[in-house]
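What follows draws every value from the coordinates through simple rules; no lab data is involved. Please read these numbers as outputs of a predicted model, since none were measured by experiment. Cβ sites come from the backbone with ideal geometry, for glycine too, and all protein chains shown count toward neighbours.
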């Protein structure tokens, strides 16, 4: 009996935790599965499983967009689990745009009316039933007074990329055809292999094949006893020899990617992967510099009569250049104060007062505005300011069309959300004139969007 009791003490919590994992739709996972191969939705549900297993009460749980990467069936399971946490005597606060989540809430708080500095106000704070009677933006969509209507004309070509026997991670020898010139959506349950098919298989093949082939050929030549100097200085390889090595390299690359073959890529000349990582690694990066608009603006200021008279060129109007940047803050506009036991804080530079430039640069005006005042403008205001400059107007108009009119021209990159960064990257690529057919890859571009 003691042995049975001991076994029960070990197995009961294990079975409870396992049943919770299954209830959240994760029963297909192997226990030895590497965490880095899990999708975002799978990881989030595993975290929720841990909290359910703790069986704590009197806790306030805060979840930030728990529906990311989940389909409708999985969302229902997450809602049920959250309700279980609430019924245990806990408070649940969720930041979410999903309609089903909103419908299952007891209390609604809507912040608006718009994004960025144009928002920040409480539009509604009360029970769900009363929320539906209001005229807030979210309530209008919930009541179908407003609907999403997207219609665009496009003509897919007859050329098709054919993926055969893709088997990496969760993929089970799948065959997929994707028509060039089409708008293709890969959908399905969380963890089904959507990102694996799109990124790990197709994108990596299109983007890395040439590099892999070149590395493979060099490696084979090294194995034959050639030195690096001989390989670099060797004459151009004969076509038939190169094709032989290319075929061998491609087969090896197929094996590495876990796919039998990928055909029909001859027309593809460019591959663009647009993700939600930051647009810059330093606070110097900002929307206007990232998409290239600030270069045109600096040229306009350098072309003013006053700037020419003083001998200023476009380099003087760059906050990354010592020619015009404030010498105290090096063009950042602020200084970081490191606090030993508290998070670092930032204060405006004492010399330039956050304006980034030397006084003589700030004295140069164009239509009454200094270069620093341009950086402090919202994109929508800058569009109006530069409406007569066609090439600048085109770039700013595209930012507004994609819903970024509320951000500032000089807003530091680290203050932008993942969705804002992703849309900025899309704007940058749309403004480029790529030669040949281009394939764009976007992984869940609606994350964080209303």
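If you run the Gaussian network model on the chain, springs between alpha carbon atoms under 10 Å, then out of 157, 136, 49 the most flexible one is 157.
Each Cα pair under 8 Å and six or more residues apart adds its sequence gap; the mean of these over the residue count of the chain is a relative contact order of 13 percent. In this calculation the C-beta distance from residue 244 to residue 344 is compared with R0 = 51 Å, giving a FRET efficiency of 0.35. The residues 391, 154, when put in order of fewest to most other Cβ atoms within 10 Å, stand as 154, 391.
For the chain, the Kirkwood estimate of hydrodynamic radius, built from reciprocal distances between every pair of different alpha carbons, is 27.0 Å. Compared with the alpha-carbon gap, the fully stretched path from residue 133 to residue 95 is longer by 11.6 nm at 0.36 nm per residue. Hey, what number do you get for the chain at 222 nm if only DSSP H runs of n ≥ 4 count, each worth -39500 (n - 2.57), divided across all residues, to the nearest 500? About -11500 deg cm²/dmol.
Size of the range 194-248 from its Cα atoms: along the principal axes, largest to smallest, the extents are 44, 21, 16 Å. From the largest down, the range 315-450 spans 48, 45, 29 angstrom on the principal axes of its Cα atoms. Normalised by the number of residues in the range 2-92, the mean separation of alpha-carbon contacts (under 8 Å, six or more apart) gives a relative contact order of 33 percent. Highest mobility in the GNM of the chain, judged by mean-square fluctuation with C-alpha springs under 10 Å and restricted to 435, 45, 423, is found for 435.
Packing here is the average count of other Cβ atoms within 10 Å per residue, and on that basis the peptides 339-347, 300-308, highest first, run 300-308, 339-347. A Gaussian network model of the chain, with springs between Cα atoms under 10 Å, assigns the largest mean-square fluctuation among 108, 79, 59 to 59. Annotation: the range 160-266 has a Kirkwood hydrodynamic radius of 15.5 angstrom, from the mean reciprocal C-alpha pair distance.
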